[in-house]
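Heads up: the structure comes next, in C-alpha cells.
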There are 2 protein chains.
Amino acid sequence: MKDFTTLLRTHNLKATPQRLIILENIYNDGHINIDNLFDKVKQTFNSISLATIYKNINAMIDNSILTEVKLPNTKSVYEIIKQKHYHLLCNNCQSITDIEIDTSSIINDISSRYHFQVDKSDLVLSGICQKCLLDN
Amino acid sequence: MKDFTTLLRTHNLKATPQRLIILENIYNDGHINIDNLFDKVKQTFNSISLATIYKNINAMIDNSILTEVKLPNTKSVYEIIKQKHYHLLCNNCQSITDIEIDTSSIINDISSRYHFQVDKSDLVLSGICQKCLLDN
DNA sequence: CTGACTGCAAACGTTTTGCACGGTA
DNA sequence: TACCGTGCAAAACGTTTGCAGTCAG
C-alpha cells in the first residue's frame with residue numbers, strides 16, 4: 001500500500017476519499033478499465049457516481065498521476081505512472097503484464113535513421129500468456 | 001495506385017464506388033482517422049454519409065483489408081494491411097511514419113523470459129519528426 | 001435477379017458538463 | 001472560509017442500427 005494522500009497533494013489535487021479508493025483499486029489491479037474500476041470502487045463506496053470516476057481519471061491524468069494505456073482490440077486501461085515499461089496482453093484471459101525490455105538500441109537506431117527525436121515509446125505484445133498456454 | 005477492385009473482391013466485398021474512394025484516400029494518406037477520411041472522401045463523393053464510412057471501415061477490418069492503429073493522446077487511424085511495421089508519431093505536426101525495425105530479438109527474449117506466445121506487436125515511438133525539429 | 005450496399009434518421013453507449021451541495025485544507 | 005470536489009441529471013459526442021431504396025455481380 002502506498003501513500004496516495006501524499007501522491008495526490010504533491011500533484012495539486014485534494015485527497016478525497018473517492019480519489020483514495022480509486023487509486024487503491026488501480027494500484028491493486030495494476031491496470032484497469034473504466035467499467036471494472038467503477039464496479040470495484042462501488043464495492044467500498046457505493047454512492048460514487050460514474051461522473052466522479054471520469055472526472056478524477058481525467059484530473060489525475062492531467063496532473064501526471066495516471067496514464068492511459070491504449071490496447072489493440074480492447075478498451076484502454078489506466079495505470080499509476082511509474083518507471084518506463086511495456087505491456088503483454090493476453091488475448092485469451094485479457095490479463096495485462098508489465099515487462100521490462102531494453103529498447104535503447106532500437107530507439108537510438110530510429111533516432112539516427114529517421115532523425116526523429118523519440119520522447120516516448122509504447123509497445124504492446126499481444127498473444128497468449130503462460131497460464132492460458134498451459135490450460136489449453 | 002493499386003487495384004482496389006481486386007483487393008475488395010478477393011476479400012469477399014463488393015467494389016462499390018464509395019469503397020474505392022475510401023481505399024484510395026487511405027492509401028494516399030497512408031494512415032487516416034475517421035474525421036479526416038470523411039472530409040476527404042466528401043470532396044470527390046459529396047453525398048456519402050458518415051454511416052457508410054463507418055460501415056465500410058468496419059467491414060474492411062472484419063475482412064482483413066484494413067487495420068486500426070491506436071495512438072497515444074490522439075484518435076485511432078486506419079491503414080491498409082501490409083507487411084509488419086511500426087509507427088513514428090510526431091507530437092508537433094501529428095504526422096505518422098511507417099518504420100521498419102527488427103524486433104525479433106526482443107520478441108524472442110520476451111517469449112522465453114515470460115513464456116508468452118507473441119502473436120502481434122504494436123510499437124509507437126512518439127516525439128518530434130525531422131521536419132519539425134528543423135522548423136523550430 | 002438477388003443479395004449486398006447506401007443514405008437517412010433514430011437509437012445507442014460512453015463521456016462530459018452545469019449546477020447545487022458538501023468537504024478538504 | 002474559500003475553493004475544490006461530488007453527485008445527479010441533462011447534454012454532447014462518437015458510433016451503430018433499422019429500414020427503404022439502389023446497385024454490383
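Summary table
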quantity	calculated
Pairs, first within 14 Å of another protein chain (Cβ to nearest Cβ) in the stretch B:46-71, second assigned to a helix (DSSP H, G or I) and more than 9 Å from DNA strand C (Cβ to nearest atom), C-beta under 6 Å, six or more apart	B:Leu66/B:Met60
Boolean, A:Asn25 is touching a Lys or Arg at 6+ places or on another chain (Cβ under 6 Å) and not assigned by TED's automatic domain parsing to the domain that holds A:Ser95	yes
Some residue of the stretch A:97-114 being out of contact with any Phe, Trp or Tyr (no Cβ under 8 Å at 6 or more places or on another chain), in the same structural domain as A:Leu125 (by TED's automatic domain parsing), among the aliphatic types (A, V, I, L, M) and in contact (Cβ under 8 Å) with a residue 60 or more places away in the chain	no
Residues within the stretch B:99-119 that are loosely packed, with under 14 Cβ neighbours inside 10 Å and part of a strand (DSSP E or B), tallied	1
Test: A:Asn108 is more than 9 Å from chain B (Cβ to nearest Cβ) and over 18 Å from the mean Cα position of the chain (by Cα)	yes
Number of the exception - B:His115 against (1) closer than 30 Å to A:Ser111 by Cβ; (2) at the interface with another protein chain (Cβ under 9 Å from one of its Cβ atoms); (3) touching a helix residue (DSSP H, G or I) at 6+ places or on another chain (Cβ under 8 Å)	(1)
All positions within the stretch B:1-24 that are at pLDDT 95 or above and outside any helix (DSSP H, G or I)	B:Asp3, B:His11, B:Asn12, B:Leu13, B:Lys14, B:Ala15, B:Thr16
Residue satisfying all of: in the stretch B:60-91; more than 11 Å from the chain's Cα centre (by Cα) and in a helix (DSSP H, G or I); surrounded by the most Cβ atoms within 10 Å (Cβ to Cβ) among these	B:Met60
Sole exception among (1) among the charged types (D, E, K, R); (2) in contact with a Phe, Trp or Tyr (Cβ under 8 Å, 6 or more places away or on another chain); (3) over 30 Å from B:Leu13 (Cα atoms) for B:Glu68, by number	(3)
Residues of the stretch A:40-58 that turn out to be more than 11 Å from A:Ile22 (Cα to Cα) and either more than 6 Å from DNA strand D (Cβ to nearest atom) or over 19 Å from the mean Cα position of the chain (by Cα) (or both), as a count	7
Options A:Asp122, A:Asp102; residue that is at the interface with chain B (Cβ under 7 Å from one of its Cβ atoms) and under 23 Å from B:Ile128 (Cα atoms)	A:Asp122
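Residues are listed down the side, and each one gets a yes or a no for (1) modelled with pLDDT of 95 or more; (2) more than 16 Å from DNA strand C (Cβ to nearest atom); (3) in a strand (DSSP E or B):
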{"residue": "B:Ile26", "(1), (2), (3)": "yes, no, no"}
{"residue": "B:Asn46", "(1), (2), (3)": "yes, no, no"}
{"residue": "B:Lys55", "(1), (2), (3)": "yes, no, no"}
{"residue": "B:Asn58", "(1), (2), (3)": "yes, no, no"}
{"residue": "B:Cys93", "(1), (2), (3)": "yes, yes, no"}
{"residue": "B:Asp122", "(1), (2), (3)": "yes, yes, yes"}
{"residue": "B:Gly127", "(1), (2), (3)": "yes, yes, yes"}
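Condition check ((1) away from DNA strand D (no atom under 11 Å from the Cβ); (2) touching a Ser or Thr at 6+ places or on another chain (Cβ under 9 Å)) across all residues:
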| residue | (1), (2) |
| --- | --- |
| B:Lys2 | yes, no |
| B:Leu8 | no, yes |
| B:Ile21 | yes, yes |
| B:Ile32 | yes, no |
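The values are calculated or read from the model by the stated rules, or taken from the named source; none is laboratory data. In this text, all values refer to a predicted model and were calculated from it rather than measured experimentally. We place every Cβ from the backbone using ideal geometry, glycine too, and count neighbours over all the protein chains shown.
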